[in-house]
Amino acid sequence: MSVDQIANALTSIKNSESAARHTCTIKPGSKLLKEILRVMQENGFVKKVDWKETRQGEEAIVSLEGRINECRVVKPRYAVKKDEFERFEKKFLPARDIGILIVSTPKGVFSHKKAKENGVGGRLLAYVF
């Protein structure tokens with residue numbers, strides 16, 4: 001039994017990218033995983049995500065873009081205020097304007113850029129570059 005489904009999903013995506021595969025199957029699915037994959041798709045790291053219902057629950061079939069160098073979960077999930085994103089960008093991303101931090105806010109799951117625009121803080125979930 002897996003402890004952290006989000007970490008397992010991102011590791012599976014990273015391993016598929018490293019092996020130069022075009023698709024990756026992730027199971028089991030969850031609402032939070034759906035939102036994280038949506039943010040990755042909006043920012044061009046993933047081409048397409050198809051959800052399929054199975055007997056064990058949902059599974060995601062992710063079409064990969066080939067742009068991911070690293071994607072990991074942030075543990076512990078730091079609380080970030082709306083004006084503190086730069087500190088965590090320096091900590092987790094390789095350079096300015098390369099990659100995204102994925103943040104869970106009271107208004108939904110966003111990239112750190114969109115969270116800055118909306119003026120909300122939240123909890124760091126993951127980073128992708």
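Numbers below:
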quantity	calculated
Selection within the stretch 103-128 - in contact with a helix residue (DSSP H, G or I) (Cβ under 9 Å, 6 or more places away or on another chain), free of Cβ contacts under 8 Å to residues at least 40 places away in the same chain and under 14 Å from LEU32 (Cα atoms)	VAL103, THR105, LYS107
Test result for GLU58, assigned to a strand (DSSP E or B) and more than 22 Å from LYS116 (Cβ to Cβ)	yes
Selected residue (criterion: surrounded by the most Cβ atoms within 10 Å (Cβ to Cβ)) from residues of the stretch 1-55 that are assigned to a helix (DSSP H, G or I), in contact (Cβ under 8 Å) with a residue 12 or more places away in the chain and small (Gly, Ala, Ser)	ALA9
Which numbered condition LYS114 fails, given (1) buried (at least 17 other Cβ atoms within 10 Å of the Cβ); (2) in contact with a strand residue (DSSP E or B) (Cβ under 7 Å, 6 or more places away or on another chain)	(2)
Residues being among the hydrophobic types (A, V, I, L, M, F, W, C) and under 14 Å from LYS75 (Cβ atoms) - total across the stretch 1-28	4
Out of ALA115, ALA60, ALA7, sole residue that is over 20 Å from PHE129 (Cα atoms) and either modelled with pLDDT of 95 or more or basic (Lys, Arg) (or both)	ALA60
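The values are calculated or read from the model by the stated rules, or taken from the named source; none is laboratory data. Bear in mind that the values here come from a model prediction, so they are computed numbers and not experimental data. Quick reminder, even Gly has a Cβ in these numbers, built from the backbone with ideal geometry, and neighbours come from all protein chains shown.
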